[in-house]
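The values are calculated or read from the model by the stated rules, or taken from the named source; none is laboratory data. Note that this is a predicted model, so its numbers are computed, not measured. FYI the Cβ positions are ideal-geometry reconstructions off the backbone, even for glycines, and counts take in every protein chain you see. Note: accessible area is taken over every heavy atom of the protein model, side chains too, but ligands, DNA and RNA are not part of it. Shrake-Rupley method; radii C 1.70, N 1.55, O 1.52, S 1.80 Å.
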Amino acid sequence: ECPFCGEAAGRELEVHVRARHGHLLGTDTGNGEQLYECPMCSLTCTSIQILEEHVDLHLEEHSFMEDGNIRDRELAQWLQTEEDKQHRSEEKKQEREEFQKLQRQYGLDNSGGYKQQFLKNMEREVDRGRMQPFEYHKRKAGLMECLAFGVDDGKTKTSGVIEALCKYYQNESKDVRHVWLSAEVDHFHSSLGDRGWGCGYRNFQMLLSSLSRNTLYKDCWRDATVIPSIPKIQSMIEDAWREGFDPHGASHFNNRLHDSKAWIGACEIYSLLTSLRIKCQIIDFHKPTGPMGTHPRLFEWVLHYYSTDNKGGAKVVCTSKPPIYLQHQGHSRTVVGIEEKRNKTLCLLLFDPGCPAQEMQKLLKQNSDGASLKLLRRSVGSLKEKQYQIVAVDGVLSLEEKAARCSASQVLTSEKIP
C-alpha cells in the first residue's frame, strides 16, 4: 500500500510514489535549507538524492519481502500437498494390508482350499517324520476318491454319543433335575484339510447326520445315506446362491466358495438348508440379555425348543428334535441338549468341531464318571460373546414355500430377539 494515500500499488509502488506524491517528499526549514522526510520511516534527509536512495532501499526491501512471502506460501502449500499425498498413500497401504489380512483370516485370499491344505499338511507331517511316505500316498489316494464322489471319509466322525449320554443321565448325575437331548447325531471334528476354518461345514455335517436318520427329511437331498465332504458342501451352497438365495451374502464371497478356505456362518447354513426344502429359521440374539454380558434368553429359547411337546416328569427326555446350529464371531458349535440343574440353572450341551475324536470317544465309556461331560457343558456364564445366532430346523417345505423363502432371503433372513 502507498504510505501517503493507502492505495494498493503492488509492485509499482515506487512509480506510484514518485508520480503521485513527489511534491510531498521535501520540506523547507525556513533558513533556506531543504529537508526531505522518508514517507516510510520518517527519516529526515538533507538531499533529494539521499532520500531517493533511501526510499529505493525501502522499495527493494518491500519487493524482496513480498517475493519471499509468495515463495514461503508456495513452499508451505507444496509441503502440505506432499504431506497429504503421503498420508493418503499410507492410509491406502494400511487399508490394503488390513483387507489382505481379513482375506487371509476368512479364507478369501485365493490360497487354495480343503484339498490343497490337506496335501500341504500331510507333506509337512512327512517332513517332520510323523507320517511315513506310504501312509501319505495311501491317504492321498483316499482323499482323491472322496473328493471325486463328494463324500466325507468319516475319519473324524464319532457316533453313539447321544445314546451314551442318555444312559449316563439315567444312572448318574445327581445334580441334574431334567435333561433334554436331541435326536441322535454324529460328531465331526476338523481335519488336516480344514483346520482353522472348517467349523461351519463340520457343524452342518453334524446336523445333516441327524436329519439323515429321520424319514421326514430323507427325500430332501439326493443321497441321504452319505455325508457330503467340505468341498461338496461348498458347491451345494454355491448352487443355493445360483437359485437366488441370499444374494447379499453371496456377493461377500464373490459368489464362490469352492477351492477356498472361506468361513461360513448362519446365513449360509440357512440358505443351504432352505434350498434343500428343509424348513428352518435364524434367531439372532444380537445383544446380551443378562448381567456381565450373558445371554439367558438364548438358554431359555433352547429349553423351550427341546421341552415343547416333550414335557413330563421324566428326568431324561430323548427327543426327536434335530440339533441346533450355534454361531458367534469366529466360531460355531452344535447344540445337542440342555440340562436343568436342581437349583434351576441351565446348561447347554455342545458338540465342538475343535474337539478331537479321541476326546469325544471318552464319552462312550459306560463307566464314565461324568468328568468328560466338561467337554460338552456350557453354563450361562461361559457364553459371553456380544452376539449369537442359531439355526433351528423344524420340518419340510413345499416347493411354493421354498420359493417364497428364497424371495424373502433376498431382503431379510433373521429374526432378532429383543
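Key figures for this structure:
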| quantity | calculated |
| --- | --- |
| Order by protection proxy (mean Cβ within 10 Å, highest first), peptides 321-328, 256-263, 137-144 | 321-328, 256-263, 137-144 |
| In nm, spacing of pseudo-spin labels at Q77 and R342 (7 Å Cα→C-beta vector) | 8.5 nm |
| Within the stretch 199-218: backbone nitrogen closer than 16 Å to the E243 label point (7 Å, Cα to C-beta) | 208, 217-218 |
| Rounded to the nearest 20 debye, dipole of the stretch 113-202 from Cβ charges on Lys, Arg, Asp, Glu | 280 debye |
| Computed log₁₀ I(q)/I(0) - Debye formula, equal Cα scatterers, no solvent, the stretch 231-283, q 0.12, 0.21, 0.31 Å⁻¹ | -0.22, -0.68, -1.42 |
| Where the stretch 155-416 is the region considered: accessible area per residue in Å², 1.4 Å probe | 44 Å² |
| Among 348-356, 111-119, 181-189, the order from most to least packed when residues are scored by Cβ within 10 Å on average | 181-189, 348-356, 111-119 |
| Cut-off under 5 Å, modelled amide H: who pairs with D152 long-range | I227, S229 |
| Pairwise centroid distance, computed over Cα atoms, of the stretch 291-337 with the stretch 158-232, Å | 15 Å |
| Tensor-based shape of the stretch 127-271 (alpha-carbon gyration tensor, a/c under 1.5 rounded, otherwise prolate or oblate) | oblate |
| Cα→Cβ-extended label distance, 7 Å offset, between N171 and K140, nm | 4.7 nm |
| Extension gain from Q94 to S235, taking 0.36 nm per residue of separation minus the Cα-Cα distance | 47.4 nm |
| Pairs from K157/K218; K115/K157; K120/K321; K157/K279; K167/K374 whose Cα-Cα separation, in the structure shown, is over 28 Å | K120/K321 |
| The stretch 155-416 - percent of accessible surface contributed by carbon and sulfur, probe 1.4 Å | 49 percent |
| Estimated FRET transfer efficiency when R0 is 56 angstrom, pair V411-D127 (beta carbons, to 0.05) | 0.65 |
